Number of protein chains: 2
Amino acid sequence: MMPESPIRKLVPYAEEAKSRGIKVHHLNIGQPDIETPEVALNAIRNFNQKVVEYSHSAGILSYRKKLTTYYKKHNIHITSDDIIIAAGASEAILFAMQSCLDPGDEIIIPEPFYANYNGFAINAGVNVKSIFSSIESGFALPAIADFEKAISSKTKAILICNPNNPTGYLYSKEELEILEELVKKHDLYLISDEVYREFCYDGKPHYSSMYLKKIENNVILIDSVSKRYSACGVRIGCMISKNKEVMDTALKFAQARLSPPTFGQVAAEAAVDTPDSYFEEVSNEYIARRNVVVEGINNIDGAFCPNPSGAFYVVAKLPIDNSDTFCRWLLEDFSYENETVMLAPASGFYSTEGRGLDEVRISYVLNCDDLRSSIKCLDEALKVYPGRTR
Amino acid sequence: MMPESPIRKLVPYAEEAKSRGIKVHHLNIGQPDIETPEVALNAIRNFNQKVVEYSHSAGILSYRKKLTTYYKKHNIHITSDDIIIAAGASEAILFAMQSCLDPGDEIIIPEPFYANYNGFAINAGVNVKSIFSSIESGFALPAIADFEKAISSKTKAILICNPNNPTGYLYSKEELEILEELVKKHDLYLISDEVYREFCYDGKPHYSSMYLKKIENNVILIDSVSKRYSACGVRIGCMISKNKEVMDTALKFAQARLSPPTFGQVAAEAAVDTPDSYFEEVSNEYIARRNVVVEGINNIDGAFCPNPSGAFYVVAKLPIDNSDTFCRWLLEDFSYENETVMLAPASGFYSTEGRGLDEVRISYVLNCDDLRSSIKCLDEALKVYPGRTR
């Protein structure tokens, strides 16, 4: 049975709040307000083919070739044959799971993790084994002993998201090299979701799993243009691997759905020419936003938030009994100066029952002023929330 | 394990033939050469949003509302809540299977059938039970006794494609009413793939499964703009049902992949305004093409082809030992006046081993002149094919 998305189950309450004239700050979703690069939109406006044909099931060849230049800039050296274009990272993750694991196999994912991984695992018939990463450590990679404990004869892969959704944590080179040894020792696949690659802050570089030379044949890179170019609706992602056997299998799944979207590929191909200045501006904006959120939350009595170096999410610990109840209460029973906030209860990002009950995920996808108002709302809310714990 | 597509496995041989300077007529694929309506392409050229956002997981509301007007014209009365927009009929069929059947359940499909149904069934963990429809009957609906024989306690659904790919057969009102009684008697789902709805010839109307009032809650309509508007690359289809429970479940699968492609939806919404004259012209063109192919094949000694009233495919019986061998031979070892044809071996459309060995699927997606040359090629080929049987 497909679980309900932790991000969406509160939508009816938000709609109801809006119908009462309340302004709802949406900190629950990963839809950035940043503009899509002009170069991508112009490509669509100049679309001049007369028939919108199926593309190659692995994606338009000129796009795949151009993508290799993007990765080369990031020191990832691949050919167009190492890429399968998918309908977003969503489809790429599904292809990766279906190609690397058989139904009944196990995949290890540090929790909290992106809730939709559960859905893809269900689709692929794969069982998720989660291992715990703690807010106190800022959600760093769990100890190797915890991985070892979780590995069984059914374990075929480890999945990481770097930088991480929902925690914003950016894995270090050292952490990835630890994973490299583990993956090598047990001959597993490492599925590395790097869709937030461009969102690394504080001068910390992104260290891709594709850099791990000892396990070159075990790494599956998942990527997407959704966040990179603020183009979530184009539904273009990809799966990359140097493992020919995995790619051959993935291509069969890709062929069954015929082709990825043509328009999206045209926009994404053009987007490769996005100037570096775009990313610099976006990065500066997100750093400012993160600082507003992290400082704001840490100034709230009883609340705690790590200061992560990537993506545009934080998981914060609040003095609350139950984050599901709290997030719903914010929409149903609370407002401050006619405003409230919509947050994602962190419980939905843990697969272990009972975890994340005093945590929420906050997406800092609004401008700094709205984020300040949101934090103010949250502060006032915690002063009067009946389920406050400390 | 995903089976290889019968349409694609010969691609390397076609490439090789082309590299030897041979002109290959592609009668193997369902990619029409008809132009996409201007109104759809203009909508894309005028795309004026600054951020390409996720749409609603069920699709852009304005598009779903507009789609209801398209269906109303076809006497199908639905609301926007009865529609989930998907990345092509491919995704819609997968959602339908996942929502109506549990892993291990059975779905009955008359064979020959669209080969990718196998892939979706594997994805959904569902077992396909095929029942035989014969070329001698023009691939009419199999006898009700054959369905009854195939139904077990595991059977949850029947899947039909109307008009049919690969056979072109258009099911009659009477045949659908027979299915209605059967579906009602056993309380099954009827998944009805009607992506070729606009392609009905000889004055025969299309009778939708949505007209079957006695099983209104059991019918899942699968549709797509790919063929209707010759826009295969936009990847926009949909799943339609009045069954709220099925739609609620399907929405969860839809949410797991976030949203269908935004650009494609914009084009598809505009395409609803395509003038009727477009379909008339297209229809006349396809009738002319079908006539070239059907007459042409029936004039070949030892060959037989029914004269179907829908879609743009025929399945033809040829005097050959093995259609896989023959289709490959056409590309590897044969040419006539420096031309050859690429056909789809029909064996790939049967799930029963050994069937379709003397049959091929022909897509009449080329202009009449090229089709005439193709038939001439085929005629000449059969004169010299070493595996000729009669």
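The values are calculated or read from the model by the stated rules, or taken from the named source; none is laboratory data. Nothing here was measured: the structure is a model prediction, and the numbers come from that model. Positions of Cβ are generated from backbone atoms using ideal geometry, with glycine treated the same way; all protein chains shown enter the neighbour counts. Remember, those area values only see protein heavy atoms, side chains included, never the ligands or the DNA or RNA. Shrake-Rupley method; radii C 1.70, N 1.55, O 1.52, S 1.80 Å.
Backbone amide hydrogens, once placed in the peptide plane, bring B:Y189 within less than 5 Å of B:A157, B:I158, excluding anything fewer than 5 places away on its chain. Projected label points at B:E136 and A:D33, each 7 Å from Cα along the beta carbon direction, are separated by 7.1 nanometres. Buried between A and B is an accessible area of approximately 4400 Å², summed over both sides with a 1.4 Å probe.
The angle between the Cα long axis of helix A:368-384 and the main principal axis of chain A comes to about 50°, on a 0 to 90 degree scale.
Give me the extension gain from A:S283 to A:K204: residue separation times 0.36 nm, minus the current Cα-Cα distance, reported in nm with one decimal.
Details: separation 79, 0.36 × 79 = 28.44 nm, distance 1.22 nm.
Value of the extension gain: 27.2 nm.
Counting every pair of alpha carbons in the protein assembly as shown, the share spaced more than 52 Å apart comes to 15 percent.
Residues of region B:114-139 whose accessible area, computed with a 1.4 Å probe over protein heavy atoms, drops by at least 10 Å² once all protein chains are present relative to their chain alone are B:Y114, B:N116, B:F120, B:N123.
Taking the C-alpha atoms only, the angle from helix A:323-332 to the longest principal axis of chain A is near 70 degrees. Taking label points 7 Å from Cα along the Cα-to-Cβ direction, B:N46 and B:K73 give a separation of 1.8 nm.
Other residues within the sphere of radius under 12 Å centred on the Cβ of B:K383, judged by their own Cβ, net out at -1 (K and R +1, D and E -1). Measuring nothing but how far apart in sequence close Cα pairs (under 8 Å, 6+ apart) lie, relative to its length, chain A scores a relative contact order of 25 percent. Normalising the average separation of contacting C-alpha pairs (under 8 angstrom, six or more residues apart) by the number of residues puts the relative contact order of region A:162-245 at 28 percent. To put it simply, the accessible area of the protein assembly as shown at a 1.4 Å probe is 49 percent carbon and sulfur. Lys and Arg at +1, Asp and Glu at -1: add these up for the other residues within a Cβ distance under 10 Å of B:I160 and post the number. My count for the surroundings of B:I160 gives -3.
Could you tell me whether region B:152-253 comes out rounded, prolate or oblate from its Cα gyration tensor? Rule is a ≥ b ≥ c as square roots of the eigenvalues, rounded for a/c under 1.5, then prolate if a/b exceeds b/c, otherwise oblate.
Oblate, since a/c reaches 1.5 and b/c is not below a/b.
The residues of the protein assembly as shown expose on average 36 square angstrom of accessible surface per residue, using a 1.4 Å probe on protein heavy atoms.
What the Cβ-Cβ distance of A:K18 and A:E337 gives, at R0 = 22 Å and to the nearest 0.05, is a FRET efficiency of 0.90. Need the full-extension length gain, A:D369 to A:K213, defined as separation in residues times 0.36 nm minus the C-alpha distance. One decimal, nm. Length gained between A:D369 and A:K213: 51.7 nm.
For the Cα atoms of chain A, what angle does the longest principal axis make with the long axis of helix A:88-100, in degrees from 0 to 90, nearest 10? Between the helix axis and the principal axis of chain A, the angle is about 60 degrees.
Measuring nothing but how far apart in sequence close Cα pairs (under 8 Å, 6+ apart) lie, relative to its length, region B:118-262 scores a relative contact order of 16 percent.
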